[in-house]
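S.K.: To start, I am sharing the structure in question, which I have written as structure tokens.
The values are calculated or read from the model by the stated rules, or taken from the named source; none is laboratory data. What you see is a predicted model, and the numbers here were worked out from it, not measured in a lab. Cβ coordinates were reconstructed from backbone atoms using ideal geometry, including for glycine residues, and neighbour counts include every protein chain displayed.
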Amino acid sequence: MDFKKGAVHALPICIGYVPLAIAYGVLAKSAGMSNAVIVLMSVLVYAGAAQFLSINLFASGVLPAEIVLTTFIVNSRHIVMSTSLTRKLSDQISKFARAVLAFGVTDESFSVSSFQANGKKLTTSYLFGVMILPYLFWVTGSVIGIYFADVLPKTLESSMGIALYAMFTALLVPEASKSKKIALLVLFTGILHMLLQAILTINSGWTMVLTALIGAMAGGFLIGEEEL
């Protein structure tokens, strides 16, 4: 019953992941990535922001080691999300199950699970329901995107890069409207990114990573633990 409830709560995430995953597949294919690499990134990395960023780095000729390091830094926020979610888990959930669930944590599944917890403990079956369907939709959408890359007009293909920004905007706006601190943090990181882009002469991907790190540290000071 909890699994079904989790799956129902995950449906909006799945709907949002389909166009985003297709956009990822299209852009990655157009950047020259092989089909195997595109699919394996979705299967093993499963992190939209890092995957889109890796496309930019790959197209810019960045070394593989730098792409791996950047992916780790961008995904380091998952450590914070997983740690926060751990406090909401039932004590009966085994360490192995916790490790598997940690892989399925995304910005969206974290938001849904945290909202659902609301002072209650989350069960393994509920969390698997929230996390499995979006994962399957993400991988499937990536595969579809590979084949769409050969038939989509170039103008439509180039516009797909905005998909990730649209999803993050949809996540940010509701939270920022409820908290002045979060709204201030969003404004700060946006201005910071523009300033770093103008001042520094480094790859835009690294500018984004630097902005994320500074923004995360600023958020740690600005937003108390009780608001996480």
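S.K.: If only one of L185, L213 is farther than 20 Å from S113 by Cα, modelled with pLDDT of 80 or more and not assigned by TED's automatic domain parsing to the domain that holds S84, which one is it?
M.R.: Values: L213 fails: modelled with pLDDT of 80 or more.
From the options L185, L213, the qualifying one is L185.
S.K.: Residues of segment 85-110 being among the polar types (S, T, N, Q) and in contact with a helix residue (DSSP H, G or I) (Cβ under 6 Å, 6 or more places away or on another chain), which ones?
M.R.: S109
S.K.: Among the numbered criteria (1) over 16 Å from V8 (Cβ atoms); (2) of a type outside the set (D, E, K, R); (3) out of contact with any Phe, Trp or Tyr (no Cβ under 6 Å at 6 or more places or on another chain), which single criterion is violated by W138?
M.R.: W138 satisfies all of (1) over 16 Å from V8 (Cβ atoms); (2) of a type outside the set (D, E, K, R); (3) out of contact with any Phe, Trp or Tyr (no Cβ under 6 Å at 6 or more places or on another chain) except (3).
S.K.: Counting only residues that are hydrophobic (A, V, I, L, M, F, W, C) and crowded, with 16+ Cβ neighbours inside 10 Å, which one in segment 189-198 is farthest from S111 (Cα to Cα)?
M.R.: Once the filter is applied, the top-ranked residue is L196.
S.K.: Any residue in segment 14-31 that is crowded, with 19+ Cβ neighbours inside 10 Å and outside any helix (DSSP H, G or I)?
M.R.: No, segment 14-31 contains no residue that is crowded, with 19+ Cβ neighbours inside 10 Å and outside any helix (DSSP H, G or I).
S.K.: Of all residues in segment 13-47, which are at pLDDT below 90 and closer than 14 Å to L133 by Cα?
M.R.: G16
S.K.: Right, something else. Can you tell me which of G104, G119, G129 is surrounded by 20 or more Cβ atoms within 10 Å (Cβ to Cβ) and either under 15 Å from the mean Cα position of the chain (by Cα) or of a type outside the set (A, V, I, L, M) (or both)?
M.R.: Checking each option against the conditions leaves just G129.
S.K.: Here is a follow-up. Please count how many residues of segment 68-89 are surrounded by 13 or more Cβ atoms within 10 Å (Cβ to Cβ) and outside any helix (DSSP H, G or I).
M.R.: Counting residues in segment 68-89 that are surrounded by 13 or more Cβ atoms within 10 Å (Cβ to Cβ) and outside any helix (DSSP H, G or I) gives 3.
S.K.: Please state which of the following conditions V151 fails to meet, knowing it meets all the rest: (1) β-branched (V, I, T); (2) at pLDDT below 90; (3) assigned to a helix (DSSP H, G or I).
M.R.: Of (1) β-branched (V, I, T); (2) at pLDDT below 90; (3) assigned to a helix (DSSP H, G or I), only one is false for V151: (3).
S.K.: Name the residue that is surrounded by the most Cβ atoms within 10 Å (Cβ to Cβ), counting only residues in segment 160-181 that are more than 13 Å from E108 (Cα to Cα) and modelled with pLDDT under 70.
M.R.: A163
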